[in-house]
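Nothing in this text is a laboratory measurement; each read-out follows from the coordinates by a stated rule. Predicted model only: the values in this text are computed from it and were never measured. Heads up, the Cβs are rebuilt from the backbone with ideal geometry, glycines too, and the neighbour counts pull from every protein chain shown.
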Amino acid sequence: MGTDNLLFSCFFHLQKKRRAATARRQHLKSAMLQLAVTEIEKEAAAKEVEKQNYLAEHCPPLSLPGSMQELQELCKKLHAKIESVDEERYDTEVKLQKTTKELEDLSQKLFDLRGKFKRPPLRRVRMSADAMLRALLGSKHKVCMDLRANLKQVKKEDTEKEKDLRDVGDWRKNIEEKSGMEGRKKMFEAGES
């Protein structure tokens, strides 16, 4: 009974340690999550402040003039600003497209230099010639590719050898005639004459 109590106490002690380790792990996870939430909130606040600063710098507060002449001049200024912003946006888009294309080319060159380009496994597809043409040319092209329709009809002419083979007939009959004593006698007689 003493060993059973000892085993039970050891097992209980190990379970207690495991619970403590699990509780500690969960506490660390919750602390890390709290830190992450505060960091995200700080980043969001910093982005908002940066956005406000940018808007204050680039977009001054709008003051509407009283006369029609001043209002027209304000509209002209706004249109000029819109055009310049659109040009900048277009330039940055073109620049982005160029850099992405260069990145793709460089990554392809890198794969080629490393020699680790793996061919994708190709599957064998059974497809008729008509289906293949439809897939290549699209459904609007109605091309029927019947290969046998274009072949010429050829008449088979009987040759001399084929006639001789037909005249010989069944080979089993010839063997039966040559077998036995009568067949040997016929062969002997044919050899003498």
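For this structure, a couple of remarks:
- Fully extended contour minus Cα-Cα distance, from residue 128 to residue 93, at 0.36 nm per residue: 8.1 nm
- Whole-Hz ³J(HN,Hα) from phi, Karplus 6.51 cos²θ - 1.76 cosθ + 1.60, for segment 91-106, glycine and proline x: 4, 5, 5, 5, 4, 5, 4, 4, 5, 5, 5, 4, 4, 4, 4, 5
- Here r is the Cβ-Cβ distance between residue 57 and residue 25 and R0 is 41 Å; the resulting FRET efficiency, rounded to 0.05, is 0.30.
- Calculated FRET value between residue 76 and residue 40, using beta carbons and R₀ = 41 Å, to 0.05: 0.40
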